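Here's the structure, in structure tokens; my notes come after.
No lab work stands behind these numbers, since they all come straight from the coordinates. Note that the coordinates shown come from a computational prediction; the quantities given were computed from them, not determined experimentally. Cβ: placed from backbone, ideal geometry, glycine included. Neighbour counts: every protein chain shown.
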Amino acid sequence: MSGVGGKFLTELTRLFQKCRTSGTIYLTMKKYDGRTKPVPRKGNPNTFEPADNKCLLRATDGKKKKISTVISSKEVNRFQMAYSNLLRAHMDGLKKKDKKSKSKKTKATQ
């Protein structure tokens, strides 16, 4: 898992193992333009042109453990492959959705 976002993926694996039996992990992904300060609301905001598109990934357990990384557009394919393999490996403990509520709704509408 070395290379692109390797440290992030290693920490994410530890987070999944910690929350395996009980707990929640929140994953967020968003476009990141490299700004460290917020955009001013009024006045003359200077036009900021990012060098290339980047993606910001954050993971937290909702309590105290927070990790994040920035992936550039050139590294997305390699990172996405490693990230998807990690998600597949650790998302086997999800609970099945209750199908009873769906059948009640269809009978009520008929």
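Brief remarks on what is shown
- Burial ranking of peptide ranges 33-39, 68-74 (average Cβ count within 10 Å, highest at the top): 68-74, 33-39
- Total formal charge among the other residues, if their Cβ is under 15 angstrom from that of R78, Lys/Arg +1 and Asp/Glu -1: +2
- Using the Cβ-Cβ distance between K96 and K31 with R0 set to 35 Å, the FRET efficiency works out to roughly 0.55.
- Cα centroid separation - the stretch 72-86 against the stretch 52-71, whole Å: 14 Å
- Amide H contacts of Y32 (H built 1.01 Å from N, under 5 Å, at least 5 apart or other chain): K54, C55, L56
- Summed side-chain charge close to T28 - residues other than T28 whose Cβ falls under 14 Å, Lys, Arg +1, Asp, Glu -1: +3
- Per-residue Karplus couplings for the stretch 78-91, computed as 6.51 cos²θ - 1.76 cosθ + 1.60 with θ equal to phi - 60°, are listed in order as 5, 5, 4, 5, 5, 5, 5, 5, 5, 5, 4, 5, 10, 9 Hz, Gly and Pro entered as x.
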